[in-house]
Amino acid sequence: MVKKDEEMSVSSETKGPLKSFQALMGEGEKFSRDKLYTKAIQCYTEALDLLPPDEDKATEKDITDRLNGLVARSACYLKIGKNDLSLQDAEQSLKTNKEFTKGLYQKAEALYAMGEFELALMFYHRGKKVRPDLREFQLGINKAQEAIDNSVGDPNRVKLEASGDLSIFYKNDEDESKKKKKQPMGYVRASQKKDTTVQRKQHAPVANPKTTKQILGDLYEDRAFLEKIINNTVVTKANTKTGDAIYQLASEGLDYLDSRTEFWRQQEPLYARSRFIKKLEGDEESYKHIRHELEAIDDQQNKDQFLDARRRGQRLLDFCDRLDERKFAEKQSVLADVYSRLGNAYLELGDYNKSLEYHNRDLKIAETKLFSERSSRALDNLGRVYARSGQFPQAIQVWEKKIPLATSSLEKAWLFHEIGQCHFGLGDYERSKRYGERSFTEAVAVNDTVWQLNAKVLVAHSQTKLRQYREAEQTFVEALALAKDQNDVAAERAIERAMKEAQDQIAKGAADTPPDRTEINYEIKVRSNDNILYGDDDRSTIRLTIYGDNGSSGAIDFRTDENDPKKYDGQSITFKKKALDAGKMTKITLSCTDIESWPLDSIEVTDSKRKAKHRFILAAPIDATTTVVDLYLEGSIVSSDGTTKDEKKSKMLGTLVSRQSPQTTKRTEPVPPSNRTNDGNKNSKTTKPDEKKSKTTKSDEQKTPKKETTTDKKPTPATSTVNEPSSNSNKRYTITVQTGSVASAGTDANVFLSLYGDKNKIIRYQLQKSKNNSDPFERGHKDEFEFDNIDIGQLKTITIEHDGSSITSGWYLDFIDVTYNNNTVNFPIDRWLAIDEGDKRISLELEPNTKPTSKIAPEDTNAENATEYEITVKTADKRSAGTDANVYISLFGDKDKLERRQLKEAIDRKLNLFESGATDRFQVFAVDFGKLKRIRIEHDGRGIGSGWYIDSIEVRYVARNETYKFPVDRWLDSGEGDKKISLDLEPDKKPGQLKDENNTDQEEGNTEQKRDTTDE
């Protein structure tokens, strides 16, 4: 899980697991297990690059690491068909140690794949000589020998003719016969007789009958028959000629079938990919098709072609749905594998709803069929989706179900660390510390220093938040030692900086002091279905703790209330308590002792400071085993089918899950469109009388200017940001949009058009209903849109953009024609608007009859007229305000312009840019564009957590010491507000203030449109 806030990583300069040899090797192994071999190769290559290039200076550990890295990369090369590179790595590993077992085996495998069966056989034999206990070498010998026999034929079947001069052979035979001793004749004593007793060996039973049956197919019945003969002591009576002969034949047959089973198992047939698929009679074509499609999907995901993988997966899913389960008994298992792949594809494409849906389907089948490994896989994937989308309560619940299924200490180390990070994100620093300590224990068990470091950092940050600065200092010291052992300089610097902050707090006397937060009043309404059954009425305790973005409120005791001298009996009641301000609430926790049962329904908490009311639901029932139980915000409880209530609503409504937790949003009733009359400048509008209240979302934090009204109004998404004012001076505009004919040219995203004239402008009109196509913007389609709006005068420029909201959002656009006042203006385009194509832009500013440039602005440091500019970007100090996306800036002056310069290297050269609360400064050299009129700031939506809350931007003309300030104070996020990730700004004007006198009516129309919902 990646968390954007600096407190979730080592420091603001590191994100996720620290990069060291062991970490990269671990990532490579994970990618290899997931059959993402290209990514695995990249990890192994980066890991090998970290090792000392000079072998003379390398330690013994470095040499061992290099050998293991080369062999691992060789195996991945073999999987993707690059046999020559696989052989090269294997040979490189044998240069240091010619008897390196893994290198011998990998070289033999590479030679076998290249068709060099004789050489492969030689290296299999060489490996077996070194390690006769490894069965892999014997299996390799078997398959290489069989391949040779298949190539040249069985030597026993070759008949040689005795022709020509053979006297030399006859002479040699005579000489040999003379040397032989004459054999004794007559009676031979018993002691001289050759022992002809058949040695009977024990045949081990089949370890996994189901798998063996799938491998052998019809031959499985033959194996069972032979096994039955061997176990029949009458037929195979010992020390009898007939019995021994039958036993020997049956034993040889079993040995042959068992060797074939192991051989076919090594060749990775379909069962190795989808473990429970049977190749039944009459289903051979289905078998081949499924195998081919699964391999193709894996290959596409390996190449990051997630859109193509999703499409192929959907086609395969349709095919599997049509299979007759009576003939294809393992249909459900096949579907589970397809669901898992589709879930991963949707996750990478950013569609969390769909990803959750398919991973839940996978989990349902795994639990029905009692497949523990598949259940672990599905829970792992579900947790990743929840965590990536910022839904920490759901991620915790899912991952806690996975804990009993985790089989290795390394897996547990990762799992405990991720759960701890989720608790950290919810403000439960005590719990995050405990999970960090558990992660460290498991990492020590497998001697994994990378996860030891990650765990120590999590524990230290938690201790800092708990104001345990002395303990944090010691933990940072231990983490620093681990970072130095791994030669991770960036981690060392970050830890040293964090440790200095803890030392500063100790010097100030802040260690172990109470939090410097004020107390506020909380109203706590408990809803219970019945009384509490106490185990010991005198000793029983109930304490509640509220958690938020400020930390915890401290324990609130339910049984020592002055208003309840008889002690709380567990029935519905309302408490009024004073406690530390926890900030914006994320969860609450109940600590219980000596309670047999409590049928608690929910707890509602009202924050007097923020006037916020939240309802919390139990994550698990309270019984005699309960000591601590979490209650999460309503809508965050994961049910038995792996979904939340809000997700079920979301499926019915066809909406997307927000990057924030589902509890932060509540659906509002749909608002009917405005009914306007052409009576002067008056606009009338009908709305439903009972609008539902909507809870605070991330977009509510945007501080856009509003006109003064008696109540606060909140905007809701509309088809256009422009309301069509009723005016007799309106003009009709006809927009013709031609989508290209290249593969996958169409888009399902929301498309917006802005028109800029010499008199006025129309901002972000949504092109929604095409006159000639029910499904607009499809490949090769020409779509026409008509609307009436204000007269903008002579058209100067347009901006075409989409919001990237759809999975298939990439769009290849040929041209746009704008017709008004019997005049048609052409805007040629002929390029992609896609975050994964070309310069990754999804917004274009176009001039008439001029194709847009498609390149990111190059550096102009060597140009004679290069002018230095200093750009300062301040990210807001809010939760999840930072971004991992690529950020670009464009500058427009009265003389020239600079288009789409990427802000990628700060002046102070720090690693992580645009973190929450950070200020980043960049040096840019470009042409002198004169007086700065406006800028455009944008990002490409890439990376986990691409949403970005910008506080402000400053551009300084260094030579003239002129500074232009651009207040922003809003989100650039495709999932929030107006979903824009590109923003045009003018000096000293917030985005909501960009208007002129001629556009007053237009803004008034917008104000009317914003009155769809009202906060009480």
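The values are calculated or read from the model by the stated rules, or taken from the named source; none is laboratory data. These numbers come from a predicted model, not from an experiment. In this analysis, Cβ positions are derived from the backbone assuming ideal geometry, glycine residues included, and neighbour counts consider all displayed protein chains. Heads up: the accessible areas ignore ligands, DNA and RNA and are worked out on the full protein's heavy atoms, side chains in. Shrake-Rupley method; radii C 1.70, N 1.55, O 1.52, S 1.80 Å.
Treating r as the C-beta distance of Lys500 and Met114 and R0 as 56 Å, the FRET efficiency rounds to 0.50.
The phi-based Karplus calculation (6.51 cos²θ - 1.76 cosθ + 1.60; θ = phi - 60°) puts the 3J(HN,Hα) values of segment 838-843 at x, 8, 6, 8, 10, 9 Hz, whole numbers, x for Gly and Pro. Annotated for segment 406-514: lysine pairs at least 8 residues apart or interchain, Cα distance under 19 Å, count 11.
Shown in residue order for segment 100-111 are the 3J(HN,Hα) couplings computed by the Karplus curve 6.51 cos²θ - 1.76 cosθ + 1.60 at θ = phi - 60°: 5, 4, 5, x, 4, 5, 5, 5, 4, 5, 5, 5 Hz (x for Gly and Pro).
For the residues Ser32, Ser774, a 1.4 Å probe over the protein chains yields an accessible-area ranking, largest first, of Ser774, Ser32.
Please arrange Tyr352, Tyr632 by accessible surface area, largest first, computed with a 1.4 Å probe and ligands excluded.
Accessible-area ranking of Tyr352, Tyr632, largest first: Tyr352, Tyr632.
In this rough spin-label picture, where each label sits 7 Å from Cα along the Cβ direction, the Asp218-Ala507 distance is 8.4 nm.
In this simple spin-label approximation, Leu911 and Ser572 carry label points 7 Å from Cα along the Cα→Cβ vector, and these lie 5.4 nm apart. Distant-in-sequence amide contacts of Thr593, defined by a placed amide H-H separation under 5 Å and a gap of 5 or more residues or a different chain, comprise Thr541.
Rounded to the nearest whole Hz, the Karplus-based 3J(HN,Hα) values (6.51 cos²θ - 1.76 cosθ + 1.60, θ = phi - 60°) of segment 517-529 follow the sequence 10, 7, 8, 10, 8, 10, 9, 10, 9, 9, 10, 10, 7, with x at glycine and proline.
Just list whichever of Lys102/Lys213; Lys796/Lys895; Lys30/Lys98; Lys577/Lys613; Lys759/Lys895; Lys910/Lys989 have alpha carbons separated by over 23 Å in the model shown. Violating the 23 Å limit, Cα to Cα: Lys102/Lys213; Lys30/Lys98; Lys910/Lys989.
Along the charge dipole of segment 280-405, pointing to its positive end and built from +1/-1 on Cβ of Lys, Arg, Asp and Glu, which listed residue (Ile297, Tyr346, Gln394) has its Cα farthest out? Result: Gln394.
Amide H to amide H, with H built 1.01 Å from N, Val887 comes under 5 Å of Leu903, counting only residues 5 or more places away or on other chains. For segment 866-985, the share of accessible area belonging to carbon and sulfur comes to 40 percent (1.4 Å probe, ligands and nucleic acids excluded). For the pair Asp791 and Asp62, label points projected 7 Å from Cα toward Cβ lie 7.9 nm apart.
The amide H of Ala918, built 1.01 Å from its N in the peptide plane, has Thr875 as neighbours under 5 Å, considering only residues 5 or more places off or on other chains.
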